[in-house]
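Everything on this sheet refers to the single structure shown next.
A short reminder: the numbers here are calculations on the coordinates, not readings from a lab. Quantities reported herein were computed from a predicted structural model and do not represent experimental measurements. Here Cβ is always computed from backbone atoms with ideal geometry, including for glycine, and neighbour counts include all displayed protein chains.
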Amino acid sequence: MASLRDIKNKITSTKKTSQITKAMEMVSASNFNRAEMNAKKFVPYMDKIQEVTASIALGSKDATHPMLSSRPVKKTAYLVITAERGLAGAFNSNVLRLAFQTIQKRHKSKDEYVVIALGKMGREFFMKRDMNVILDITGIADQPTFADIKDTVNKTVNMFADGAFDELYMYYNHFVSAIQQDVTEKKVLPLTDIATSNKLTSYEFEPSAEEILNVLLPQYAESLIYGALLDSKASEHAARMSAMKSATDNAKELIDSYSLSYNRARQAAITQEITEIVGGAAALE
Amino acid sequence: MKTIKVSVVTPDGPVYESDVEMVSTKAESGELGILPGHIPMVAPLQIGAVRLKTQGKTDIVAVSGGFVEVRPDKVSILAQSAEQADEIDVDRALRAKERAEKRLNDQKRESVDFKRAELALQRALNRINVSERQF
């Protein structure tokens with residue numbers, strides 16, 4: 001049986017760990033609230049741009065644009081959004097597993113795909129496996145602004161336009177609720193499924209529909225990616241919050257069971273001492 | 001006077017929302033003025049200022065490109081970044097301007113980076129001008 005001091009040490013260290021996890025839980029909770037607010041602030045922009053894009057792309061039949069039409073696929077790009085660090089339960093591994101397995105399944109040779117990694121965990125994962133990471137951003141803030149990722153997103157969309165790859169898929173954790181996040185695959189480019197629930201408006205174009213699509217479609221694609229990032233950030237904070245909460249709960253349970261064995265050991269020691277004293281006194285009589 | 005609802009939205013949230021009498025801005029095809037009751041229209045914008053007139057006052061918002069969507073009762077400006085004149089971080093814009101100018105001197109004229117630096121310079125100058133209300 002472990003000595004009294006050993007158990008005491010274990011209790012102290014577990015208590016300290018639980019303080020840290022508790023603090024991280026609270027930090028994630030506040031980050032989560034803000035991330036949710038950011039996601040909400042983004043909604044009007046996304047709705048509007050979707051509505052206008054749909055109106056133009058679906059409304060005028062003669063408006064064509066390279067970003068709207070599928071072309072023979074020689075190279076596929078996978079954009080994977082992960083967190084900057086772990087300690088978020090299965091958050092990173094879920095999304096990485098799906099992306100990794102899909103790539104393995106779909107492609108035989110390394111020339112057929114490229115990877116774009118948003119977040120350090122994803123970058124390291126794909127780098128280690130020597131999969132073509134052509135673009136990456138690390139050090140994404142907990143509350144990213146559009147300006148933080150604008151350059152990379154812009155490059156991604158331009159690469160598609162230049163023919164560096166022919167389709168773009170996005171993998172990220174979609175936020176369902178504070179305790180549920182689903183790994184999602186979404187095709188971003190080409191923009192083949194622009195759907196809208198609103199009524200289509202017919203617009204005058206100044207100067208022409210094509211000119212407008214030139215500006216609008218990249219902006220739309222970029223905001224799709226940014227939207228996914230915000231979604232993923234909200235999921236990340238929620239995942240970290242619940243991971244840290246269960247860590248804290250587990251620590252509490254551990255401390256309870258350690259305390260129990262500590263008290264038992266102490267009681268055993270006392271009983272033993274008393275028996276010894278009584279035994280000693282009896283021997284003197 | 002008749003007014004029209006205007007909102008300037010960016011991915012980071014709405015920047016300006018109000019009822020105004022007139023919106024004027026620079027579209028790719030030239031200066032554009034919008035009054036209430038305008039026909040539905042979409043036009044891409046240049047990097048520049050949006051002027052919003054209400055009751056003799058003019059509010060100015062700096063926008064970095066994007067486009068404007070006009071409906072008879074509502075004007076929406078969707079830009080990747082936009083700031084109201086008094087919210088512009090002038091120091092940051094000045095730093096960005098210097099950075100862009102330096103890059104323009106280093107790069108070859110044809111390179112992609114040159115184009116990007118040029119745009120960055122335009123955005124910085126636009127912010128500075130709007131914050132000083134000169135345009």
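Take every residue in peptide A:149-161, count the Cβ atoms of other chains within 10 Å of its Cβ, and give the average of those counts. Don't skip to the end; give the middle numbers.
Details: counts 1, 4, 1, 0, 1, 2, 2, 0, 0, 1, 0, 0, 0.
Taking all residues of A:149-161 together, the mean is 1.
Nearest 0.05, what FRET efficiency do A:Lys10 and A:Ile270 give at R0 = 25 Å with Cβ-Cβ as r?
Working: r = 21 Å, r/R0 = 0.83.
Computed FRET efficiency for A:Lys10 and A:Ile270: 0.75.
Could you order peptides B:22-34, A:267-279 by the average number of other Cβ atoms within 10 Å of their residues, highest first? Spell out each step's value before the answer.
Working: B:22-34: 16.2, A:267-279: 10.2.
My ranking of the peptides, most packed first, is B:22-34, A:267-279.
Work out from phi, with θ = phi - 60° and the Karplus expression 6.51 cos²θ - 1.76 cosθ + 1.60, the ³J(HN,Hα) of each residue of region B:69-77, listed in order in whole Hz, and give x for Gly and Pro.
Each residue's phi maps through the Karplus curve to give 10, 10, 10, x, 10, 8, 10, 10, 10 Hz.
Assuming a viscosity of 0.890 mPa s and a temperature of 25 °C, what translational diffusion coefficient in µm² per second does Stokes-Einstein assign to region A:25-242, Rh being the Kirkwood radius over Cα pairs?
Values: Rh = 18.0 Å.
Result for D is 136 µm²/s.
Rank these for me by crowding, A:Ser55, A:Ser70, A:Ser235, going from fewest to most other beta carbons within 10 Å.
On the way: A:Ser55 21, A:Ser70 11, A:Ser235 30.
Fewest to most other Cβ atoms nearby, the residues stand as A:Ser70, A:Ser55, A:Ser235.
Pairs of Cα atoms under 8 Å, at least six residues apart: use those to get the relative contact order of chain B, whole percent. Could you put the intermediate results ahead of the total?
Numbers: 282 pairs, mean separation 29.5, N = 135.
This gives 22 percent for chain B.
Quote the convex hull volume per residue of region A:1-128, based on C-alpha atoms, as a whole number of Å³. Can you show the working numbers first?
Numbers: hull volume 21.7 nm³, N = 128.
Output value, Cα hull per residue: 170 Å³.
Report ³J(HN,Hα) in whole Hz for each residue of region A:251-261, in order, from the Karplus equation J = 6.51 cos²θ - 1.76 cosθ + 1.60 where θ = phi - 60°; Gly and Pro get x.
Calculated HN-Hα couplings, in order: 4, 4, 4, 4, 4, 4, 6, 5, 4, 4, 5 Hz.
Amide H neighbours of B:Gln80 under 5 Å, counting only residues 5+ apart in sequence or on other chains, H built in-plane at 1.01 Å?
Long-range HN contacts for B:Gln80: B:Ser64, B:Gly66.
If the limit is 29 Å between Cα atoms, which of A:Lys40/A:Lys105; A:Lys150/B:Lys53; A:Lys41/A:Lys75; A:Lys48/A:Lys186; A:Lys16/A:Lys128; A:Lys150/B:Lys97 go over it?
Values: A:Lys40/A:Lys105 36 Å; A:Lys150/B:Lys53 31 Å; A:Lys41/A:Lys75 35 Å; A:Lys48/A:Lys186 20 Å; A:Lys16/A:Lys128 34 Å; A:Lys150/B:Lys97 18 Å.
Flagged as over cut-off: A:Lys40/A:Lys105; A:Lys150/B:Lys53; A:Lys41/A:Lys75; A:Lys16/A:Lys128.
What's the ranking of A:100-111, A:208-219, A:251-262 by average number of surrounding C-beta atoms within 10 Å, highest first?
Numbers: A:100-111: 12.2, A:208-219: 19.5, A:251-262: 14.6.
Peptide ranking by packing, descending: A:208-219, A:251-262, A:100-111.
Any idea how far apart A:Ile179 and A:Ile277 come out in nm if each label point goes 7 Å out from Cα toward Cβ?
5.2 nm
Please list the radius of gyration and Dmax for region A:1-54, considering alpha-carbon atoms only, with Å as the unit.
23.0, 72
For region B:73-125, restrict the atom set to alpha-carbon positions and state the Rg and Dmax in Å.
My reading of the Cα-based Rg and Dmax gives 14.0, 48 Å.
Most exposed first by the Cβ proxy, i.e. fewest other Cβ within 10 Å, how do A:Met127, B:Met41 rank?
Fewest to most other Cβ atoms nearby, the residues stand as A:Met127, B:Met41.
With viscosity set to 1.002 mPa s and temperature to 20 °C, compute the Stokes-Einstein D of chain B, Rh being the Kirkwood radius across alpha carbon pairs; µm²/s, no decimals. Working shown, then result.
Values: Rh = 15.5 Å.
Value of D from the Cα-based Kirkwood radius: 139 µm²/s.
Taking θ as phi - 60°, what are the ³J(HN,Hα) couplings along region B:24-35 by the Karplus curve (6.51, -1.76, 1.60), each to the nearest whole Hz, with x for Gly and Pro?
10, 7, 10, 8, 4, 8, x, 4, 9, x, 10, 10
Test of understanding: ordering A:Asp142, B:Asp19, A:Asp162 by Cβ neighbours within 10 Å, fewest first, what list do you get?
Working: A:Asp142 16, B:Asp19 13, A:Asp162 9.
Least to most surrounded, the residues fall as A:Asp162, B:Asp19, A:Asp142.
To one decimal place, what orientation-averaged projected area in nm² is obtained for the convex hull of the Cα set of the protein assembly as shown? If you can, show how the numbers build up before the last one.
Values: hull surface 122.1 nm².
Result: a mean projected hull area of 30.5 nm².
How big is D for region A:130-285, in µm² s⁻¹ as a whole number, if Stokes-Einstein is applied with the Kirkwood radius of its Cα pairs at 20 °C and 1.002 mPa s?
Working: Rh = 21.5 Å.
It comes out at roughly 100 µm²/s.
How high is the relative contact order of chain A, in percent, counting Cα pairs under 8 Å that sit 6 or more residues apart?
Numbers: 395 pairs, mean separation 90.9, N = 285.
Relative contact order here is 32 percent.
Which distance in nm do the two modelled labels at A:Lys252 and A:Ser3 give, with both placed 7 Å along the Cα-to-Cβ direction?
3.3 nm
To the nearest whole number, what is the average tally of beta carbon atoms from other chains within 10 Å of the beta carbons of peptide A:215-222? Each step should come with its number before you reach the end.
Details: counts 8, 6, 0, 0, 8, 1, 0, 2.
Mean partner-chain Cβ count within 10 Å for A:215-222: 3.
Enumerate by residue number the GluC sites (Glu not before Pro) in region B:48-135 meeting two conditions: DSSP loop (anything except H, G, I, E, B), and at most 12 other Cβ atoms within 10 Å of the site's Cβ.
B:Glu110
Would you mind computing the Rg to Rh ratio of region A:89-186 from its alpha-carbon coordinates, Kirkwood style for Rh? Kindly include the intermediate steps, with their values, before the conclusion.
Values: Rg = 13.9 Å, Rh = 14.6 Å.
In region A:89-186, Rg relative to Rh is 0.95.
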